[in-house]
1. For Arg46 and Glu288, what does the FRET efficiency come to when R0 = 51 Å and r is the distance between their Cβ atoms, rounded to the nearest 0.05?
2. Efficiency by 1/(1 + (r/R0)^6): what FRET value for Arg321 and Arg254, r their Cβ-Cβ distance, R0 = 30 Å, to the nearest 0.05?
3. Just tell me, in residue order, which DSSP H segments of the chain are both 18 angstrom or longer along the helix axis (alpha-carbon based) and at least 0.0 in mean Kyte-Doolittle hydropathy.
4. State the percentage of accessible surface on segment 275-390 attributable to carbon and sulfur atoms; use a 1.4 Å probe and exclude ligands, DNA and RNA.
5. Residue separation times 0.36 nm, minus the C-alpha to C-alpha distance between Ala67 and Val244: what's the value?
6. Measuring from centroid to centroid over Cα atoms, what is the spacing of segment 51-121 and segment 148-193 in Å?
7. Given a 1.4 angstrom probe, I'd like the percentage of the accessible area of segment 5-47 that is carbon and sulfur, rounded to a whole number.
8. With θ set to phi - 60°, apply the Karplus curve 6.51 cos²θ - 1.76 cosθ + 1.60 along segment 375-386 and write out the HN-Hα couplings as whole Hz, x wherever there is a Gly or Pro.
Amino acid sequence: MAEQGREAARAAAADALDRIDRFLETTRPPTPCLVVDLDIVRTRYRQMRDLFPSAAIYYAVKANPAAEIIAALAELGAGFDLASDGEIERCRDLRVPAARLSFGNTIKRESDIARARRDGIDLFACDSAPELEKLARAAPGARVFCRLLVQGHGAEWPLSRKFGCDRQTAAELLLRAPRLGLKPAGVSFHVGSQQMEPRQWQGAIAHAAEIFRACARNGLALELLNLGGGFPAHYRRPAPELAVYAEIIEAALRECFGGARPRILLEPGRYMAGDAGLLRASVMLAAERPHPGGRRWVYLDAGRYNGLPETLGERIDYRLRTPRTAGPLGPVVLAGPTCDSTDILYERSGYELPLALAAGEPVDFLSAGAYTASYASVEFNGFAPIRTYCI
Ligand SMILES: *Cc1c(COP(=O)(O)O)cnc(C)c1O
């Protein structure tokens, strides 16, 4: 059964790559560009819905805010996790019902909270007393959930430290909410993005359950548990199947909550958009560097500041594809186009490319649909942000 699922997923990925290739061949868009296959996004949503039948799925728009992606997911019934007024506006423009929106950033402008509330948004995150007080002033009567601090071990792109509070603070904030005129809804956490270890959810769910019990002892019944994002895309290092995550999470929920299970929310970003996109860059220069330790350097028209910031620390290791299959490969340092020496993508990760690769030829980054186009600087060094094409 699992093997059949994997086969089907591989076949769907191959079909999508064919569609993207046909688009690139016929349209020949200028590079760098991102091509997103919406069928993959839809398949991902359905897969997740099937594996987590009782959860509400809120797409984390920051992963890729293309209007076509939001529209495709909205049509399937998805909700949306939003970080700013700008992201809310994208959903507003597409007439996504406010009941399906969550303002999930724990750092919000008070004026943005007020605007969101006027738009009918009813669900807000917080992880500190000042933010709770802001919500009380700008969104009276709204439902709030409290974000719990987790370590982020096992994640290729951790989201710890900057967000979340400890268990005791979370319980205190939630217990205080009614006195401020807010409705305490529950608890959220994020185990870190591209989380390779499904077991990281176990501890976080257990900690969340402690907060539920602490609140219950004080007469407050919480109803919502937000398990965040973290579900993986397919980079060089293989991650477990989503079914493994589902099984472990289901077991942890059963163990920690028994029959009194709260309403579950998921906020996938990378999992929805990552594998749906291909980022095409072109070689601007390929040159041997003769200085000591020098190697072959390949400079692309996409780099750290226009689409590939997650190569920071070489943490996200995209699968690369070049059209030249003939000819020997050799180790390369891969760099971006700007006049900034931090604009180096990979030098320690063991990438090899054809030695004959020359200026003008394409280099494709596979599974690059998440945190690429949305992360590009406006125009650092005169290089325009990446253009997205949804097919
Ligand atoms: C970024 C983010 C997500 C999405 O994370 P992924 O790892 O891309 O799935 C979900 N929830 C919150 C609050 C986030 O900040």
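The values are calculated or read from the model by the stated rules, or taken from the named source; none is laboratory data. These figures come from a predicted structure and were not determined experimentally. Quick reminder, even Gly has a Cβ in these numbers, built from the backbone with ideal geometry, and neighbours come from all protein chains shown. These area figures cover heavy atoms from the full protein model, side chains too; ligands, DNA and RNA do not enter into them. Shrake-Rupley method; radii C 1.70, N 1.55, O 1.52, S 1.80 Å.
1. It comes to 0.55.
2. Working: r = 42 Å, r/R0 = 1.39.
Using R0 = 30 Å, I get an efficiency of 0.10.
3. Values: long enough: 2-27 (37 Å, -0.58); 38-51 (20 Å, -0.88); 200-217 (27 Å, 0.06); 242-257 (22 Å, 1.06).
Those that pass (Cα extent of 18 Å or more, hydropathy at least 0.0) are 200-217, 242-257.
4. On the way: 2780 of 4940 Å².
Roughly 56 percent of what the probe reaches on segment 275-390 is carbon or sulfur.
5. Working: separation 177, 0.36 × 177 = 63.72 nm, distance 3.08 nm.
Residue separation times 0.36 nm, minus the Cα-Cα distance, leaves 60.6 nm.
6. The distance from the Cα centre of segment 51-121 to that of segment 148-193 comes to 19 Å.
7. On the way: 1160 of 2290 Å².
Carbon plus sulfur share of accessible area: 51 percent.
8. So the J values, rounded to whole Hz, are 10, 6, 5, 4, 6, 4, 6, x, 8, 5, x, 6.
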